[in-house]
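Please read the structure below before turning to the comments.
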Amino acid sequence: MDDPKIVDISGIGETTAAKLKAAGFTNIEALAVTPLRELIEKSGIGEKTADKITNAARELLGLDFITAMELYERRKKAQRLTTGSKNFDDLLAGGIETQTMVELIGEFGSGKSQLCMQFCATTQLPLEKGGLGGKVLFLDTEGTFYPRRVHDMAKSFGLDPDEVLNNIIYARCYNSDHQMLLVNRAFRLVREENIKLIIVDSLISHFRGEYVGRENLSYRQQKLNNHIHKLLRLAEGYNCAVVITNQIQSNPAAFFGDPNRPAGGNVLAHASTHRIYLRKSKAGTRVAKIIDSPCLPEESTTFVITSNGIEDPDSDRTMNTEAVSTEVTEQVELLEKT
Ligand SMILES: Nc1ncnc2c1ncn2[C@@H]1O[C@H](COP(=O)(O)OP(=O)(O)O)[C@@H](O)[C@H]1O
Ligand SMILES: [Mg+2]
């Protein structure tokens, strides 16, 4: 059977369909997961119609209620993606799990984008090598995606670098609305293109820049919340992994003095499945620490960034993890207060 389309929803006339299309709702999944108020505001359709459309879309996709057994079966299909570093994989109990979202948090230069680019390559490794044997969808909000870097990383994994680049579907996001629209469109792409990893690097920079000041904070959080839940819905519905990044400033003065504190504190803490805090450390090493995970212990590990990509440090480069652990804990406490 063909996948259901918007026109399959009974009661949608041509006028409504055109309005939905103009507002960027080009597929049924987006209709099913968009909050009613947003659907009304963006498309200009009436509340009654919007309500009918949302419910019909959910029904067509078989969302809403499933049995616990179905949930169990769905979870059993979860796969693990290698990060390319044994340390990092161990930290994540075997790699990044599909159907979940990983949030990489850290200061500028802590390695968030490097990790994202590395995952673009490892996702394309075959299953027996720890990959997901699939394509990648990359939403770049800061213009920091370097194809040449991914090319080099792909080579170091013995992959055909041109093929790896061909299998990354890339979009540069210019503002938060554009970013949200691209995620709406992602529902169709993910289904049609065997996408196994979705990256948003960085998730909140546009939101932070556009919704400045306390008076805009709740609206911003609401939008962000909606955005994150769509990403989670993609992960769960299509058995793919989602990786997002979140840049923070560790300078306490900037943390507490600035009314535009890191966006998404609470929203992200609840929605993202695993948060990993990254920071630079001594002798070119970097530390990664699990925070706020429902099922992983709050452990930390070290890695290095080399011309090959992300790797485990040589043993003589390993530093005093205990001291770093305390530092990381302090930073995390600061983050929690914002
Ligand atoms: N080819 C390379 N070889 C070694 N290190 C690199 C290479 N490219 C980037 N790096 C390291 O990665 C850092 C940038 O990390 P990045 O992931 O862009 O940070 P952010 O967390 O801001 O996204 C640089 O400061 C550099 O230390
Ligand atoms: Mg970056």
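Please treat every number below as a calculation from the coordinates, not as lab data. All values reported here derive from a predicted model rather than from experimental measurement. Don't worry about glycine lacking a Cβ; one is built from the backbone with ideal geometry, like all the others, and counts go over all protein chains shown.
Structural remarks
- Residue ranges 143-151, 295-303 sort as 295-303, 143-151 when ordered by packing (mean number of other C-beta atoms within 10 Å per residue, highest first).
- Other residues lying with their Cβ under 15 Å from the Cβ of LEU91 contribute a combined charge of -3, Lys and Arg counting +1, Asp and Glu -1.
- The local environment of LEU125, defined by Cβ-Cβ distances under 15 Å, has a net charge of +2 under the rule Lys, Arg +1 and Asp, Glu -1.
- Shape category assigned to the range 1-61 from the gyration tensor of Cα positions, a/c cut at 1.5: prolate
- Peptides 173-179, 216-222 ranked from most to least packed by the mean count of surrounding Cβ atoms within 10 Å: 173-179, 216-222.
- Restricting the calculation to Cα atoms, the range 89-245 yields a radius of gyration followed by a Dmax of 15.4, 51 Å.
- Sorted by Cβ density within 10 Å, fewest first, the residues LYS282, LYS52: LYS282, LYS52
- For the range 239-249, putting each phi into the Karplus relation 6.51 cos²θ - 1.76 cosθ + 1.60 with θ = phi - 60° gives couplings of 6, 10, 9, 10, 10, 10, 10, 9, 7, 10, 10 Hz, in residue order, rounded to whole numbers and with x for Gly and Pro.
- Electrostatic tally near VAL243: other residues with Cβ closer than 10 Å to its Cβ, Lys and Arg +1, Asp and Glu -1, net -1.
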